[in-house]
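Notes follow once the structure below has been shown.
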Amino acid sequence: MKRRNFIKKASVTGLGLVAVSSAFTSCDETLEKKEASIVTSKPTTPLVIATWDTPLAVETAAKVLQNGGSALDAVEQGCRIEEANEEGQSVGKGGLPDREGDVTLDACIMNDKGDYGAVLGVKNIMHVISVARKVMEDTPHVMLVAEGAEKFAVSNGFKRENLLTAAAKKAWEAWKIKSEYKPIINIENHDTIGMLAIDKNGNISGACTTSGLAYKMAGRVGDSPIIGGGLFVDNEIGGASATGLGEEVLKTVGSFLIVELMRQGKSPQEACEIAIGRIVNKPGKDFKNFQVGYIAVNKQGETGAYSIHEWFSYNLFKDGDNKNIKSDYFNKV
């Protein structure tokens with residue numbers, strides 16, 4: 001090849017590389033601008049959203065925010081209300097037991113820094129959401145399970161108590177007559193609480209706590225305490241939480257999916273609807289006998305909720321009002 005032609009070809013190739021490099025630079029700049037706009041947008045505060053009809057829990061969390069508390073404090077205190085509600089039979093004390101008659105609790109919590117703590121399969125401790133926070137803040141770990149989690153709780157001042165109430169025991173004994181093991185979430189009933197909050201500084205935190213599937217196999221854990229399943233928070237983008245049949249939420253990593261969809265520009269409502277679609281649109285999936293519902297909030301304070309079936313609702317505290325709102329749903333046939 002003549003030197004003159006080589007120089008010409010090299011010059012053209014160089015220009016092509018410059019053009020490609022410029023395209024990547026332009027793309028990066030566009031993404032940076034989008035992320036900057038997400039971060040700098042100021043939401044209406046305080047804001048609290050929680051699964052199901054949980055007005056007292058949401059009111060408690062809202063008061064924490066109104067008094068200048070953090071989103072992390074708000075979701076912890078809000079969830080503790082449901083954990084102490086013995087009539088709920090699905091969270092904390094009074095929760096329905098596993099098939100062996102043991103009440104085992106799961107919980108997780110995430111702060112605005114992306115830190116996470118969880119406890120799984122805990123017996124004899126009512127406020128597992130607070131134990132999960134202790135795991136997050138006072139240990140180098142993110143999860144503690146069963147006896148280890150219980151011992152950790154007791155060593156930190158939590159008291160052991162019997163979580164099986166008379167009402168829950170009666171329901172379990174009635175179930176034992178047939179002992180039909182059908183891991184189906186009642187599509188009409190409150191089965192866990194997931195909560196998200198934004199504080200006066202615009203920071204987002206979330207929490208999730210449950211007694212899990214009624215009459216489950218001993219040792220079963222659902223989505224509630226699993227990061228990305230029952231709960232996920234990214235303070236630059238937003239947060240999401242799930243309720244319903246945990247096995248189905250875990251298979252699609254639902255809460256993480258919703259936050260990532262919001263990162264791509266989807267609204268919280270659009271993201272929740274797409275996440276439900278990931279479940280119901282699987283080939284051969286029979287979703288008629290189980291429920292999954294999602295809630296979400298983004299950095300701007302926009303919220304969304306969607307479920308497979310009717311009857312799912314959520315409580316939202318915004319602009320001073322605490323309302324229970326029926327969620328839109330997929331199965332309208």
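FYI, it's all coordinate maths here, none of it is from the lab. A quick note: this is a predicted structure, and the numbers were derived from the prediction, not measured. As a convention, Cβ positions derive from the backbone with ideal geometry for all residues, glycine included, and neighbour counts pool all protein chains shown.
Observations on the model:
- The range 55-82, residues that are among the hydroxyl-bearing types (Ser, Thr, Tyr) and in contact with a helix residue (DSSP H, G or I) (Cβ under 6 Å, 6 or more places away or on another chain): 60
- Of everything listed in (1) surrounded by fewer than 19 Cβ atoms within 10 Å (Cβ to Cβ); (2) within 20 Å of residue 209 (Cα to Cα), the single unmet condition for residue 263 is (2).
- Checked against (1) in a helix (DSSP H, G or I); (2) in contact (Cβ under 8 Å) with a residue 24 or more places away in the chain, residue 63 passes all but condition (2).
- Residues that are buried (at least 21 other Cβ atoms within 10 Å of the Cβ) and in contact with a helix residue (DSSP H, G or I) (Cβ under 7 Å, 6 or more places away or on another chain) within the range 198-212 comprise 198, 199, 204, 205, 206, 207, 209, listed in sequence order.
- Residue-level check: of (1) part of a helix (DSSP H, G or I); (2) exposed (fewer than 15 other Cβ atoms within 10 Å of the Cβ); (3) under 22 Å from the mean Cα position of the chain (by Cα), residue 167 misses just (3).
- Total residues in the range 122-144, condition within 18 Å of residue 95 (Cα to Cα) and not in a helix (DSSP H, G or I): 6
- Top-ranked residue in the range 47-81 [being of a type in the set (A, V, I, L, M, F, W, C) and under 15 Å from residue 130 (Cα atoms); ranked as surrounded by the most Cβ atoms within 10 Å (Cβ to Cβ)]: 75
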